[in-house]
Amino acid sequence: MSTNGVYTVDCRPPKPPLWHFPVIVFLSILFPGVLYLAIMVMVSELLTGYSTTDYAKMLMAAASAVLGVATMAVFLRWEQNRWYWTLSEKHLAWGIAKRNVIPLSSIEKIVFGLPKASGCIMAVAAFARPDLVREITEGRKIALVLILADGSMIPMHLHKCVNGTRLMTELVNLMPGKVATEYAYSPEQERLLRAADWNKPTAVPCG
């Protein structure tokens with residue numbers, strides 16, 4: 001660790017395998033792309049009195065495919081924001097551009113573990129994919145919850161990211177006095193944390 005507050009530990013998601021990319025392109029064309037095509041054809045038919053040519057429909061299909069891929073790319077880029085974190089001796093920064101900064105001084109407590117997940121989705125998953133349920137349960141046990149001075153919470157689980165475990169360990173080592181070993185969540189906090197997404201850039205209000 002440096003001593004001048006310069007960012008020292010960067011965390012980022014691992015690179016996906018190559019076969020993910022053609023699957024993403026296919027799904028982009030299948031879902032948002034088809035929706036765009038349906039809207040374009042509907043508008044075109046209304047404007048032309050239901051006399052849109054086949055050539056025009058082909059052009060709209062191509063444009064819809066491009067728009068579908070672009071939409072998915074923007075969505076995935078936005079979704080990946082929560083998996084990029086950087087730790088310095090004074091700040092936590094999140095997002096690909098590291099523009100959003102959380103001062104370490106605003107962290108009141110660091111709690112190990114999230115409340116046990118429950119609900120219909122977990123019940124169905126327990127029947128269909130018990131291995132996935134075990135993975136989720138273990139992941140919630142090793143997660144961190146940052147409780148900020150304004151009463152908000154940020155659930156952190158970066159263990160599968162590059163340098164993620166190191167970043168979380170360094171954060172705990174930087175603030176040993178903030179670690180709450182016997183913290184009990186309130187019912188409202190438990191309810192919110194069960195529904196909260198991992199590493200969400202915006203803090204989760206806790207009442």
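The values are calculated or read from the model by the stated rules, or taken from the named source; none is laboratory data. Keep in mind the model is a prediction, meaning the values are calculated, not measured. In this analysis, Cβ positions are derived from the backbone assuming ideal geometry, glycine residues included, and neighbour counts consider all displayed protein chains.
One line per residue, one yes/no per condition, for (1) more than 30 Å from Val179 (Cα to Cα); (2) over 25 Å from the mean Cα position of the chain (by Cα); (3) at pLDDT 95 or above:
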| site | (1), (2), (3) |
| --- | --- |
| Ser51 | yes, yes, no |
| Ala56 | yes, yes, no |
| Ala73 | yes, no, no |
| Leu76 | yes, no, no |
| Gln80 | no, no, no |
| Trp83 | no, no, no |
| Lys90 | no, no, no |
| Gly95 | no, no, no |
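Scan segment 142-188 for residues that are more than 11 Å from Glu108 (Cα to Cα) and free of Cβ contacts under 8 Å to residues at least 40 places away in the same chain and report the count.
13
Among the listed residues Ile24, Ile29, which satisfies the condition of being under 18 Å from the mean Cα position of the chain (by Cα), over 21 Å from Leu167 (Cα atoms) and in contact (Cβ under 8 Å) with a residue 12 or more places away in the chain? Break it down into steps so the answer makes sense when it comes.
Numbers: Ile29 fails: under 18 Å from the mean Cα position of the chain (by Cα).
Selected residue: Ile24, the only one of Ile24, Ile29 that is under 18 Å from the mean Cα position of the chain (by Cα), over 21 Å from Leu167 (Cα atoms) and in contact (Cβ under 8 Å) with a residue 12 or more places away in the chain.
Restricting segment 40-89 to residues that are of a type in the set (Phe, Trp, Tyr) and touching an Asp or Glu at 6+ places or on another chain (Cβ under 9 Å), which is surrounded by the most Cβ atoms within 10 Å (Cβ to Cβ)?
Taking segment 40-89 first, the residues of a type in the set (Phe, Trp, Tyr) are 50, 55, 75, 78, 83-85.
Going one step further and asking which of them are touching an Asp or Glu at 6+ places or on another chain (Cβ under 9 Å), we end up with 84-85.
Working: Tyr84: 20, Trp85: 25.
Of everything passing the filter in segment 40-89, Trp85 is surrounded by the most Cβ atoms within 10 Å (Cβ to Cβ).
Give the residues of segment 67-96 that are among the aliphatic types (A, V, I, L, M) and more than 17 Å from Val162 (Cα to Cα), sorted by residue number. Explain how you work it out, then say what you get.
Of segment 67-96, the ones among the aliphatic types (A, V, I, L, M) are 67, 69-70, 72-74, 76, 87, 92-93, 96.
Matches in segment 67-96: Leu67, Val69, Ala70, Met72, Ala73, Val74, Leu76.
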